[in-house]
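Okay, so here's the structure we're looking at.
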Amino acid sequence: MHIVIDRNIPFGERVFSTLGEVTALETVDIQASAVRNADILVIRSETKVNAALLGGSPVRFVGTATIGTDHVDLDYLARCGIGFASAPGCNANSVAEYVAAALLTLSQRLRFSLAGKSLGIVGIGNIGSKVVKVGEALRMSVLQNDPPLARQTGNACFLPLDALMDVDVLTLHVPLSRTGPDATYHFFDAARIGAMKPGSMLINASRGAVVDTAAIGNALARKHLAGAVLDVWEKEPTINAGLLSQVTIGTAHVAGYSLDGKVNAVRMIYRALCDFLHVQSIWDGWDELPAPANPEISVQVHGEREGVLQKVIAQCYDIELDDSLLREMIAQPEDRRAGYFMRLRTGYRMRREFFATKIDLPPEQRELTDTLKTLGFTVG
């Protein structure tokens, strides 16, 4: 059995070689010619899976080590009887931690307190449900919107989107869909962004095309929005450099790029493939993860609560580093910017999730214990 995988999938070559002969390729090299003799294909979000890629090949199973599936023609796979698996929820912790870092960095940069401010969360799935806990841990008033869940559950906690337009910060965690009652393509267009409270802020760590590039750029230029955090962009990797220069924080689609999230995705795809092949899975992966850069943090920082939290988080995940690295793209020649964006992703540094770090709190900071535990840290 011949398995073609993306070389940038952690442990991928070693794990999938237990099931067959593996060819590991760079993302750009996963073309029709490369899968002509492949039985299994394991990819990431940059690879478009459709008839143009798979037509005439013997591929009978496709796995994507991602939560999203908008890069995969699912109808085509179904028509051809090709098995498929994705990894929903694999990086939910990672993205929630990104949002925590973003919120605290916004509060420090723009000099306001998160406590008492309102946070609107659009999409309460694997990620959004964790972001609810982040907002509550930061003492924000949290409002939730999720029309499919509202219909399924009838739960009154899910509010209409219009009810979230007066929040101070709004964060998006929805899939990209272009059709149906819950289509999200350009979900936040000029009209929707214009309906947001003047001086509010928008975070998008879902998919780039959920937000209209021109609309958010105009809102920032007019100061209708006081700030924006974008991890995802329309037309990646060819992103709008002008918009990057306008946002408060910009990162290269790395919110979910913790090593833990990546390994979780590999584990999920590996197990799905084992089930497809009717063989026993023998790899788990968790015992192979390296220690974090800061396995233990002794909190010695004195000051206001949110400043302390921001400094603790920055020792585990430095969102400002990701922001500064992406901004270096602006200085690149225009024809090299897409490649630079891709390199930031494929060459992303090792980042462990918060639970891998133990926090030692002095007596005067003990009131932070519950907050840090809710954010995911291990508190000694």
### Query
Could you list, in sequence order, the residues of the range 157-186 that are within 13 Å of ASP70 (Cβ to Cβ) and among the hydrophobic types (A, V, I, L, M, F, W, C)?
VAL174, LEU176, ALA183
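Among the residues of the range 5-27, which ones are β-branched (Val, Ile, Thr) and in contact (Cβ under 8 Å) with a residue 40 or more places away in the chain?
If we filter the range 5-27 for residues that are β-branched (Val, Ile, Thr), which is where we start, we get 5, 9, 15, 18, 22-23, 27.
Selection gives ILE9, VAL15, THR18, THR27.
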### Query
For the range 354-370, what are the residues that are at pLDDT below 95, in a helix (DSSP H, G or I) and either among the polar types (S, T, N, Q) or surrounded by 15 or more Cβ atoms within 10 Å (Cβ to Cβ) (or both)?
GLN365, LEU368, THR369
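Could you check the range 75-94 and list, in sequence order, the residues that are under 15 Å from the mean Cα position of the chain (by Cα) and on the phi > 0 side of the Ramachandran plot?
Pass one, the range 75-94, residues under 15 Å from the mean Cα position of the chain (by Cα): 86-94.
The answer is GLY89, and nothing else.
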### Task
Go over the candidates ARG327, ARG345, ARG336, ARG351 one by one and state the one that is in a helix (DSSP H, G or I) and either crowded, with 18+ Cβ neighbours inside 10 Å or modelled with pLDDT under 95 (or both).
ARG345
#### Entry: Residues of the range 49-84 satisfying the condition of being in contact (Cβ under 8 Å) with a residue 24 or more places away in the chain and among the charged types (D, E, K, R)
ASP70, ASP73
### Message
Given (1) of a type in the set (Val, Ile, Thr); (2) in a helix (DSSP H, G or I); (3) modelled with pLDDT of 95 or more, identify the lone condition not met by VAL308.
### Response
(3)
### Query
Within the set of pairs 6 or more residues apart or between chains, which connect a residue that is on the phi > 0 side of the Ramachandran plot inside the range 191-216 to a residue that is not charged (D, E, K, R) with Cβ atoms less than 6 Å apart?
GLY199/ALA226
### Summary
When restricted to ALA87, ALA100, the only residue touching a Leu at 6+ places or on another chain (Cβ under 6 Å), crowded, with 21+ Cβ neighbours inside 10 Å and in contact (Cβ under 8 Å) with a residue 60 or more places away in the chain is ALA100
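The values are calculated or read from the model by the stated rules, or taken from the named source; none is laboratory data. Source: prediction; values computed, not measured. Counting neighbours? That spans all protein chains shown, and the Cβs are built from the backbone with ideal geometry, glycine included.
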